[in-house]
Amino acid sequence: MKNQYPLLLLLLISSLAYAQSDSLRDYRWQIGFASNPTNLDFGGTDFNFHENPVALTYQYRDLNFQLTNASICDVNGELLFYSNGIQICNQFGDTITNGNG
C-alpha cells in the first residue's frame, strides 16, 4: 500500500501539468454595467491581457455584469463570446442564437 502513494502522486502531478494549457483562452475579461448614453460613467470595460500593461477599454454594451461573468477566447486570445449568466453575446456584443435566458 505504501508503494502506491508515490505512483498516485506522480499520476496526479502529471495530469495537473497537462491540464494547464498556455492557449490564451482567458486573455480578455469583460466587466461593468449596461451603457447609458447620457452618463458615460456607466458601460463595460474590456481587459486585454495581450498588452503590457493590461489595456482597459470602455465598451458600449446593453449587458450588466453584476455578480457573474464568463469570457471565452480562441487559442490566440481573441474574444469569442461572453456571458453574464443570463445572456450570451458574441465578440461584437450581439446576443447569439438561443443565448437569451
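The numbers here are math on the coordinates, done by the rules we state, and not lab data. Since the structure is predicted, the reported quantities are computational estimates derived from the model, not experimental observations. Note that each Cβ is placed from the backbone with ideal geometry, even for glycine, and that neighbours are counted across all protein chains shown.
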- For the stretch 22-100, inverting the pair-averaged 1/r of distinct alpha-carbon atoms gives a Kirkwood value in Å of 12.8 Å
- Task: Using the Karplus curve 6.51 cos²θ - 1.76 cosθ + 1.60 with θ = phi - 60°, work out ³J(HN,Hα) for each residue of the stretch 64-76 in order, rounded to whole Hz, and write x for Gly and Pro.
- Result: 8, 10, 9, 10, 10, 6, 9, 10, 10, 10, 7, 5, 9
- Query: Between Gln66 and Gln4, how many nm apart are label points set 7 Å from Cα along the C-beta direction?
  - Reply: 4.9 nm
- Sequence-distant residues sharing a close amide H with Arg61 (under 5 Å, placed H): Ser35, Gly44
- Residues whose modelled amide H sits under 5 Å from the amide H of Phe81, counting only those 5 or more places away in sequence or on another chain, are Ile72
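Stretch Thr57-Ala34 to full length: gain in nm at 0.36 nm per residue minus the Cα-Cα span?
Numbers: separation 23, 0.36 × 23 = 8.28 nm, distance 1.46 nm.
Full-extension gain reported as 6.8 nm.
Pick out, in residue order, every one of the chymotrypsin sites (Phe, Trp or Tyr not before Pro) in the stretch 24-101 that is DSSP loop and has at most 16 other C-beta atoms within 10 Å; say none if there are none.
Taking the stretch 24-101 and a limit of 16 other Cβ atoms within 10 Å, the loop chymotrypsin sites (Phe, Trp or Tyr not before Pro) found are Phe33, Phe42, Phe49, Tyr60, Phe92.
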